[in-house]
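Since the structure comes first, as structure tokens, the remarks are kept for the end.
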Amino acid sequence: MPYGAWFRRRFGIDSDQALELFHQTVSMKSVGNLTEFVRSHMLEPSNVVERLSALIHHFDDLNSAHESVLKAVQQVELLIPLVSDCHKFSDLSINKERLRGYRDALKFYFARQKLDLLTSRIVNLEGELVKQEARVKTADDNMFKLRADESVLKQNIRSEL
């Protein structure tokens, strides 16, 4: 067989079957059934049953994968409204927290407004107190003066009697 390997390398023949075809052609054997001759001498032997079984199995795998993809697409379509609702919920939660912060800030805002109004009222009342104290002092001074006048008048009346 080393001669056969050397011969195939020398002439660039890849397989034993091709070498057999070359021998058949050189020896000019009679070919009875052309289909059988081509099958046995020109085609590589193959197991058709195994290949068909593998193709059917591969088709089943592809069909199963296709059904899985269709199922996944349907599931994604069913989840789209849920995702949309989750985004809306998230937006509403953020807005709720923002509004809650505004509401909490209102306490301080109105406390500041009340402080400013009460401070203004205190200033006004202090000014009014100063005015009233001045009036009381004036009234006291008048009363003191009138009592002094009364005393003088009483003394004058007693001296006239």
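No value in this document is a laboratory result; all are computed from the given coordinates. In this text, all values refer to a predicted model and were calculated from it rather than measured experimentally. Positions of Cβ are generated from backbone atoms using ideal geometry, with glycine treated the same way; all protein chains shown enter the neighbour counts.
Remarks
- Cβ charges +1 (Lys, Arg) and -1 (Asp, Glu), total dipole of the chain, debye: 900 debye
- Spin-label proximity, residue 155 to the stretch 126-148 - amide N less than 17 Å from point 7 Å beyond Cα toward beta carbon: 144-148
- Label of the coordinate-derived value, Rg and Dmax of the Cα atoms in Å, listed as [x] 28.7, 93; [y] 16.7, 59; [z] 60.2, 189: [z]
- Here's the picture: charge each Lys and Arg Cβ at +1 and each Asp and Glu Cβ at -1 in the stretch 46-160, and of 153, 115, 99 the one pushed furthest to the positive end of that dipole is 153.
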